[in-house]
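Take a look at the structure below.
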Amino acid sequence: MKKTIRIFCLPSHATKDRTSGVDMIRIIQPMNALNGYEDEEVKFKVDVWQINKPQEINWIDVAKQYDIIYLNYIALAWAFAGMGAMARHWKRKIVMDTDDDLHSIQTDNPTYKVYHKGSTFLKDLTAIYNECDYLTTTNTHLKNVLMSHTNKRHDQIKVFPNYIDLDNLYTHRSPFKDTLNIQLGWYGSTTHFIDLDEPEFMKGVDMIFKEYPNVTFKTVGALMPKYKMKWGQRYINAYGDTDIYKWVKGRFVELMDETDIMVIPLQSNIYTKSKSDIKRTESSSTMKPVVAQDMRQYRECITDGVDGMLCSTAQDWYSKIKRLIEDKKLRRKMGIAGFERVKRDKQMKNHIFEYSSFFKKILLDN
């Protein structure tokens, strides 16, 4: 008879007004996909807590009913203690996901005051990491960071890359734009201001602006005053949406449809090395060609000149954007190739086995 593994999931950053992107990508999407999955040994029953439904979490009941509690990272000691005490009493496994190197927050980051070195929240977060049975994260760099700051062994931290759902959420494919006017596009939160200020990227785009008066640049979610001072009306800013579902079905679609080339600069420092390739994955899901920073996370998912382009110097940014501006066939071809790679490598439905194997192992092997 198959054993049923019961998992209770807590998207820790949810509010009544919005679902955060990190909660959806890291917890909600993969756990909904895992629910009902079964193999020759086990089947999974997964319940994801939904803040907008009339329900309260009773941790005593949760600990009695579920084998594993899976949550997004939290630094609230009292909140974790209330849950953890019940989980420990009933001998349940606690697994926590994190997608940011919170031990290396840069001073420009809005959360620096919360998670700076020596802060109470960072100390509490580290203690919570240590108390959890297992951690999950986005890439090997962040795995190594977590190992260096916690008591976790190599086999207690699992890497799950970010995947997306092309069939239900990321369903939009932008029609190809065959116009004389070219728009560069970018989107991100205030935590990425410093990336837009990457010196080589800015120099390369400035070279493009001087040569091509038909080019504009639109950023969604971050306003760069120096861009406005430098490029005037050719630099456009707009707001996104804090709710991931409204964003993906609304302003994300609008940005992709009006954009010809997506650009993804990234400052190279210890913090950004932990970042994922989600912007490239999302952009390529709409068939837009992507020009990205030449860093590990993008080298792992882009073959330069085939399904995207990689840049490190101002000359790179200039010459590669220039190629795409001047060659509409290449823009179309590269957009399609990027989409096909996402379809091949990044669909959530093709990676459920990774999650099932992990949760089965930590429960059945202990």
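Over the chain, all Cα pairs binned in 20 Å intervals from 0 give whole-percent P(r) values of 28, 55, 17, 1, listed from short to long. Computed from label points 7 Å out along Cα-Cβ, the spacing between Ala79 and Lys246 is 2.1 nm. Taking GluC sites (Glu not before Pro) across the stretch 293-366, the ones in a DSSP loop with at most 16 further Cβ atoms lying within 10 angstrom of their Cβ are Glu300. Spin-label model, Ser312 to Asp167: label points 7 Å out along the Cα-to-beta-carbon direction sit 4.0 nm apart. Since only Leu330, Val342, Leu266 are under comparison, the one whose Cα sits farthest along the positive direction of the charge dipole of the stretch 229-366, derived from C-beta charges on Lys, Arg, Asp and Glu, is Leu330.
In the stretch 67-142, a dipole from Cβ-located charges (positive for Lys and Arg, negative for Asp and Glu) runs towards its positive end, and of Leu76, Trp90, Leu122 it is Trp90 whose Cα lies farthest in that direction.
Model label points for His116 and Met147, set 7 angstrom from Cα along the Cα-to-Cβ axis, are 3.1 nm apart.
Residues Arg6, Arg26, Arg88 in ascending order of nearby Cβ atoms (within 10 Å, fewest first): Arg88, Arg6, Arg26. The separation of the stretch 131-209 from the stretch 294-366, counted between C-alpha centres, amounts to 11 Å. Taking amide H as placed 1.01 Å from N in the peptide plane, Gly240 has its amide H under 5 Å from the amide H of Gly221, each at least 5 places away in sequence or on another chain. Net charge in the neighbourhood of Leu169 (other residues with Cβ under 11 Å of its Cβ; Lys, Arg +1, Asp, Glu -1) is -2. What you get for the stretch 182-345, charging only the Cβ of Lys and Arg (+1) and of Asp and Glu (-1), is a dipole of about 200 debye around the Cα centre.
Near Tyr187, within a Cβ-to-Cβ distance under 10 Å, what is the net charge of the other residues, with Lys and Arg +1 and Asp and Glu -1? After counting each charged neighbour, the total is +2. For the stretch 182-345, the alpha carbon positions stretch 42, 35, 34 Å along the principal axes, listed from largest to smallest. Net charge within 13 Å of Ile27 by Cβ-Cβ distance, Lys/Arg positive one each and Asp/Glu negative one each, not counting Ile27 itself? For residues surrounding Ile27, the net value is -3. Under a model in which nothing but the beta-carbon of Lys, Arg (+1) and Asp, Glu (-1) is charged, the chain shows a dipole of about 100 debye around its Cα centre.
Residue separation of Asp17 and Asn130 scaled by 0.36 nm, minus their Cα-Cα distance, works out to 37.5 nm of gained length.
Between the listed residues Leu196, Tyr170, His103, the Cα displaced farthest toward the positive end of the dipole of the chain, a dipole computed from Cβ unit charges relative to the Cα centre, is found at Tyr170. In the chain, the DSSP-assigned H stretches of four residues or longer account for a calculated mean residue ellipticity at 222 nm of -11000 deg cm²/dmol, using -39500 (n - 2.57) per stretch and the full residue count as denominator.
Read the figures in this text as sums done on the coordinates, not as results from a lab. Given the structure is predicted, the values throughout are model-derived calculations rather than measurements. Glycine also receives a Cβ, built like all others from the backbone with ideal geometry; neighbour counts cover every protein chain displayed.
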